[in-house]
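First comes the structure, then the notes that go with it.
The values are calculated or read from the model by the stated rules, or taken from the named source; none is laboratory data. Because the structure is predicted, anything quoted here is derived from the model rather than measured. Here Cβ is always computed from backbone atoms with ideal geometry, including for glycine, and neighbour counts include all displayed protein chains. Side chains are part of the model used for accessible areas, which takes the heavy atoms of the whole protein and leaves out ligands, DNA and RNA. Shrake-Rupley method; radii C 1.70, N 1.55, O 1.52, S 1.80 Å.
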Amino acid sequence: MENIKIIIEKHSDGYVAYPIGIEGVVIGEGNSYEEALSDVRSAIPFHIETFGTEVLKSESSVLEVVLQYE
């Protein structure tokens, strides 16, 4: 499987994670960074298995994303 970039956002009530370059809605969430990342990682293969590899965009305009919150 190819590398998929994932954005993880910190909110007041937890973390939300979502991949870049996949068509459709794939979201993970959790009380910690690690939980949100684990949740979205498990959702991605299910989404691809359900909708097929055509949901993977061949190119994403995002080259790199780094977000940090204190």
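Only protein heavy atoms count here; on that basis, with a 1.4 Å probe, E29 has an accessible area of about 130 Å².
With a sphere of radius 15 Å drawn around the Cβ of E49, what net charge do the other residues whose Cβ falls strictly inside it have (Lys, Arg +1; Asp, Glu -1)? For residues surrounding E49, the net value is -1.
Scaling against 2.2 N^0.38 Å puts the C-alpha radius of gyration of the range 5-47 at 1.04.
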